[in-house]
Amino acid sequence: MLTDHHTHLRPDDDPLDEEALSIETIVPHVAAAMDRGLSHVAITEHIYRFRIAKPAWAHPYWDTQTQWDIDAYWDALSEAKAAGFPILIGIECDWLPSGQEVLVDALRGRPWDLILGSIHWVDEGAVDYDLYSAFKEIDPDALWRGYVDRYTRAALSGQFDVMTHADLPKSFGPLPSTETLDWAFDRIADALEEAGCCVEISTAGLRKAAQEIYPGPSLLERFCVRGVPVVLSSDAHEPENVGFAFDQAVQAALDAGYSEVMEIKGRDRRAVPIG
Ligand SMILES: [Zn+2]
Ligand SMILES: [Zn+2]
């Protein structure tokens, strides 16, 4: 059986208040995972939804988002897990070129099941959010170079079990030159091999403009050649997308040459055969 390693309880602009962090919200999420035949679903809210992350970065988006209580999040998920719901307690953590120590501190001292590492920003511009789009500030080649710089440093920081949506910018603006894209994919794959961390095969890309899984076939093949382990994820922000199109994710893994995916629990990984 498979696990969805990356989901959010609510859309990013919805509150993570007491109502959101309740069993009434968690139950439909888990029910959707069960319906899709999954063994577990990881709940991995963004670290920037929580007040504890606010001092990490002075940016208007970060400022408006960091409102909620990480203790309430932890307690709600712990209670659901203790009650026997097949959830994994996780978090999606940005990597920031400065201020990262605030995020590391914020995560310390809790037995997370998994910590996802993400790059959503290049300088002050967002890779995946139109309101602050980095594509308005810099050309696609510069954007991808900046993205790769951050993505590889994040992977090599050793803070993360899984790196997320490896070719995320492809869905939100024009692609760079073929040379830059080849360079980007090689650098990202090399860094994950060196770091020894997993990468997600995310079906979220199918629901975005690129209409292609993250990572696309040529990047996923590079990961496979280098022995980078993969996990499956949907990046659902609502129950109906939990486990979304996992048949296509498994097929993508098989096509790239994988014969197994990883399941992560207690920050430990175990191989699950596919195909
Ligand atoms: Zn993300
Ligand atoms: Zn996410």
Item to complete: Might you check whether a residue that is touching a Cys at 6+ places or on another chain (Cβ under 7 Å) and more than 18 Å from D235 (Cβ to Cβ) occurs anywhere in the stretch 183-196?
Response: no
Worksheet item: When P86 is evaluated against the numbered criteria (1) touching a residue at least 24 places away in the same chain (Cβ under 8 Å); (2) open to solvent by less than 20 Å² (accessible area, probe 1.4 Å), which criterion, by number, is the only one it fails?
Response: (2)
Practice prompt. Take the stretch 190-248 and flag every residue that is surrounded by fewer than 20 Cβ atoms within 10 Å (Cβ to Cβ) and touching a His at 6+ places or on another chain (Cβ under 6 Å).
Written response: H237
Worksheet item: Does the stretch 40-47 contain any residue that is within 30 Å of A209 (Cα to Cα), at pLDDT 95 or above, crowded, with 16+ Cβ neighbours inside 10 Å and away from ligand 1 (no atom under 15 Å from the Cβ)?
Response: yes
Fill in: Candidate set: the stretch 108-134, residues that are away from ligand 2 (no atom under 16 Å from the Cβ) and of a type in the set (A, V, I, L, M); chosen: the one most open to solvent (accessible area, probe 1.4 Å)
L131
Discussion item. Taking the condition of being within 16 Å of ligand 2 (Cβ to nearest atom) and exposed (fewer than 15 other Cβ atoms within 10 Å of the Cβ), how many residues in the stretch 136-183 meet it?
Written reply: 0
Item to complete: Being touching a strand residue (DSSP E or B) at 6+ places or on another chain (Cβ under 7 Å) and not in a loop (DSSP other than H, G, I, E, B) is the filter here, so list the residues in the stretch 1-25 that pass it.
Response: L2, T3, D4, T7
Item to complete: Determine which member of the set A253, A271 is open to solvent by less than 30 Å² (accessible area, probe 1.4 Å) and modelled with pLDDT of 95 or more.
Response: A253
Discussion item. List pairs: first residue in the stretch 109-131 and closer than 23 Å to A82 by Cβ, second residue part of a loop (DSSP other than H, G, I, E, B) and away from ligand 2 (no atom under 16 Å from the Cβ) anywhere in the structure, Cβ distance under 6 angstrom, at least six positions apart or on different chains.
Written reply: D113/G266
Worksheet item: Out of the stretch 5-38, which residues are more than 19 Å from the chain's Cα centre (by Cα), under 27 Å from V199 (Cβ atoms) and loosely packed, with under 14 Cβ neighbours inside 10 Å?
Response: D35, G37
Fill in: Residue, farthest from F244 (Cα to Cα), within the stretch 28-51, restricted to residues that are outside any strand (DSSP E or B) and touching a Ser or Thr at 6+ places or on another chain (Cβ under 8 Å)
R51
Worksheet item: Taking E101 and the conditions (1) out of contact with any strand residue (DSSP E or B) (no Cβ under 9 Å at 6 or more places or on another chain); (2) open to solvent by less than 10 Å² (accessible area, probe 1.4 Å), which numbered condition does it fall short on, given that it satisfies the others?
Response: (2)
Fill in: Any chance G275 is in contact (Cβ under 8 Å) with a residue 24 or more places away in the chain, over 22 Å from A42 (Cα atoms) and in contact with a Pro (Cβ under 9 Å, 6 or more places away or on another chain)
no
Worksheet item: So which residues in the stretch 216-243 are out of contact with any strand residue (DSSP E or B) (no Cβ under 6 Å at 6 or more places or on another chain), in a loop (DSSP other than H, G, I, E, B) and under 22 Å from R36 (Cβ atoms)?
Response: H237, E238
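The values are calculated or read from the model by the stated rules, or taken from the named source; none is laboratory data. Keep in mind the model is a prediction, meaning the values are calculated, not measured. Using ideal geometry, Cβ is built from the backbone for each residue, glycine included, and neighbour counts are taken over all protein chains shown. With ligands, DNA and RNA removed, areas are computed over all heavy atoms of the protein, side chains included. Shrake-Rupley method; radii C 1.70, N 1.55, O 1.52, S 1.80 Å.
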